[in-house]
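Peer 1: Quick one: this structure, given as structure tokens, is what I'll be asking you about.
Each value in this text was obtained by applying a stated rule to the coordinates, not by laboratory testing. Bear in mind that the values here come from a model prediction, so they are computed numbers and not experimental data. With ideal geometry, Cβ positions are generated from the backbone for all residues, glycine too; neighbour counts draw on all protein chains shown.
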């Protein structure tokens, strides 16, 4: 019995080592192939969301638009852009990663979930780097980007990651089944950016638009982040449990769809 237990333990340890090696290899492949075919091109993946946020701030500044709440335009835009971009980049690049890794699925060691997990780790690290850079930029310009409630800000950030993972799993699996979905979602993401409250307060919309917006989990995650910064935001609109439940259900449904369509995906290599 002890020998059998030891063999099983060694086998499990070896399986984890193989899994770790596959995910690391896929992460390095994503870094090298995403931009310009060179590892340094991955810096664009970090710079792009940062520049995107700074462009929005510039538009507010040159149009003399004041933030709807608070006194800092930089803070208002950042609290909307960060949770949106966390989920948007996760859901998009998880999908792109699994499509680009499709030829590798011919190898028995590489599975669809490996490509998705590698993309999750990479995008979370990238988005965390962007947040740190934004905080440093804010400090350089005399802006305090630290929240009044750090626990709520961290929870909102985690909820945005959960939401991005759920949508990314769904997008990745759906794109393998229906390749045109990748193009369709790219257009849909632009609409989500405009409509999800990144540059306005969903809670200030008139009815029935406010009620409709309350069912948008992305708008809820943005409002959650702003609640961590502003006392007056989200009182009658924010539903934290809805964001978490939506993310969990999206992950569960995605895993179920992946299991049901695994044969079709593998036969379409």
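Peer 1: Points 7 angstrom from Cα along the Cβ direction at residue 61 and residue 204: gap in nanometres?
Peer 2: 2.1
Peer 1: If you take the Cα atoms of segment 43-92, find Rg, then find the Kirkwood Rh from the mean of 1/r over all pairs, what is Rg/Rh?
Peer 2: My calculation of the ratio gives 1.02.
Peer 1: Could you tell me how many degrees, from 0 to 90 and to the nearest 10, lie between the Cα long axis of helix 217-227 and the main elongation axis, the longest principal axis, of the Cα atoms of the chain?
Peer 2: 50
Peer 1: Right, another one. I'd like the orientation of helix 43-62 relative to the chain: the angle between its Cα long axis and the longest Cα principal axis, in ° from 0 to 90, rounded to 10.
Peer 2: 10
Peer 1: Sticking with this structure for a sec: Give the calculated FRET efficiency between residue 261 and residue 241 to the nearest 0.05, with a Förster radius of 35 Å applied to their Cβ-Cβ distance.
Peer 2: Efficiency, rounded to the nearest 0.05: 0.70.
Peer 1: Pop the C-beta distance of residue 121 and residue 141 into the FRET formula with R0 = 41 Å and round what comes out to the nearest 0.05.
Peer 2: The formula returns an efficiency of 0.85 here.
Peer 1: Same structure again: Looking at segment 180-227 from every direction and averaging, what is the projected area of its Cα convex hull in nm²?
Peer 2: Average of the hull's projected areas for segment 180-227 equals 3.6 nm².
Peer 1: Assuming R0 = 25 Å, what is the FRET efficiency of residue 29 and residue 253, from their Cβ-Cβ distance, to the nearest 0.05?
Peer 2: Computed FRET efficiency for residue 29 and residue 253 comes out at 0.35.
Peer 1: Still on this structure, I have one more. Against the longest principal axis of the chain, how steep is helix 240-267, in degrees 0 to 90 to the nearest 10, with axes from Cα atoms?
Peer 2: Between helix and principal axis, roughly 30 degrees.
Peer 1: I would also like to ask the following. Taking the number of other C-beta atoms within 10 Å as the exposure measure, put 143, 151 in order starting with the fewest.
Peer 2: 151, 143
Peer 1: For n ≥ 4 DSSP H runs only, could you compute -39500 (n - 2.57) per run for the chain, divide by its residues and tell me the 222 nm figure to the nearest 500?
Peer 2: Helix contribution divided over all residues of the chain: -25500 deg cm²/dmol.
Peer 1: Still on this structure, please answer the following. Given 20 °C and 1.002 mPa s, how large is the Stokes-Einstein diffusion coefficient of the chain in µm²/s, with Rh as the Kirkwood radius over Cα pairs?
Peer 2: 107
Peer 1: So for 177, 137, fewest C-beta neighbours within 10 Å to most, what's the order?
Peer 2: Ranking 177, 137 by Cβ neighbours within 10 Å, fewest first, gives 177, 137.
Peer 1: Using 0.36 nm per residue of separation minus the Cα-Cα distance, give me the extension gain between residue 148 and residue 188 in nm, one decimal.
Peer 2: 11.1 nm
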